[in-house]
1. Criterion first (more than 21 Å from residue 70 (Cα to Cα), assigned to a helix (DSSP H, G or I) and without any contact (Cβ under 8 Å) to a residue 60 or more places away in the chain) does residue 210 satisfy it?
2. Restricting segment 12-69 to residues that are assigned to a loop (DSSP other than H, G, I, E, B) and under 28 Å from residue 223 (Cα atoms), which is modelled with the highest pLDDT?
């Protein structure tokens, strides 16, 4: 018993500097290392922060961004259906559609060329969405610029689809049976026009930009989402 007490006293003796010997004792002040944020969650947080800037730039440069859409839409409509479409005039980001078809003026009863407006921006908001996603994804400057260009081209195609079928939707359903009958003889039936218009209005603007981002960043998604789940 005496030997055991002497051994315990020796264990409690302070070191040469006067501090007790606590070697091997757990450090009560130590804290577990902080876990790093999931890169996917971090990316989506950054994307949400970039979105306001993306929408500001998208709206600020809307007139310029819609020029390719106007040129291609005018080429398709006036080139394929010259008897119906005359030209597309762009006022800011709004398109004024001019047709060879005539309607009666409600004021004086005289016949006049049919004109109406289309807002292509309702199909192009995916540009701002892609801007936020691409800016938040960890990429080199070169890859970021390339993806921006590809994203702009993809959303422009979606916008062209929307403008094309909205023009036909308007002619069939908004300007009376006489105009609708002429259109029905030239192009597809109203049911098909309505279907393609709904696809371009409800589905493509939201789905296509996200799908384009996924295809352009498969490596990032596989490394940080698919493999971690496995």
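The values are calculated or read from the model by the stated rules, or taken from the named source; none is laboratory data. Just so you know, these numbers come straight off a predicted model, no measurement behind them. Counting neighbours? That spans all protein chains shown, and the Cβs are built from the backbone with ideal geometry, glycine included.
1. Values: more than 21 Å from residue 70 (Cα to Cα): yes; assigned to a helix (DSSP H, G or I): yes; without any contact (Cβ under 8 Å) to a residue 60 or more places away in the chain: no.
It is false that residue 210 is more than 21 Å from residue 70 (Cα to Cα), assigned to a helix (DSSP H, G or I) and without any contact (Cβ under 8 Å) to a residue 60 or more places away in the chain.
2. Initially, segment 12-69 is screened for residues assigned to a loop (DSSP other than H, G, I, E, B), giving 13, 15-19, 21-38, 61, 66.
Cutting the leftovers down to under 28 Å from residue 223 (Cα atoms) gives us 32-38.
Details: 32: 46, 33: 43, 34: 45, 35: 54, 36: 60, 37: 62, 38: 72.
Checking each candidate, the answer is 38.
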